[in-house]
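As structure tokens, the structure follows; a few thoughts come after it.
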Amino acid sequence: MSRTSTPHRAGLRGHGVAGRPLAAIEAHLRGTGLTRMRIGVLANNDSAIRAYRKHGFDPYEMVLEKRL
């Protein structure tokens with residue numbers, strides 16, 4: 001499992017910027033025989049959630065947090 005952070009700029013949102021790297025990563029993973037790809041996103045990051053849903057990702061797991 002690998003975690004990366006994708007830099008973004010508000011001016012690039014809605015221009016399909018996420019689609020190209022996602023497609024390349026998915027193609028690579030398919031070539032290795034993997035059958036699932038998971039992406040983590042902060043619960044309040046609505047634009048990222050919309051982008052990932054647009055590219056076929058569905059909700060899978062929920063993690064709740066409480067600050068102490």
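The values are calculated or read from the model by the stated rules, or taken from the named source; none is laboratory data. Being a predicted model, the structure only gives us computed values, none of them experimental. What goes into the accessible areas is simple: the full protein's heavy atoms, side chains included, and nothing from ligands, DNA or RNA. Shrake-Rupley method; radii C 1.70, N 1.55, O 1.52, S 1.80 Å.
Values for this structure:
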{"quantity": "Complete set of residues in segment 3-54 that are open to solvent by 100 Å² or more (accessible area, probe 1.4 Å), closer than 21 Å to GLU65 by Cα and modelled with pLDDT of 90 or more", "calculated": "ARG38, LEU42, ASN44"}
{"quantity": "Residue within segment 57-68 that is aliphatic (A, V, I, L, M) and at pLDDT 95 or above present", "calculated": "yes"}
{"quantity": "Tally, over segment 48-68, of residues that are of a type in the set (Lys, Arg) and within 12 Å of the chain's Cα centre (by Cα)", "calculated": "3"}
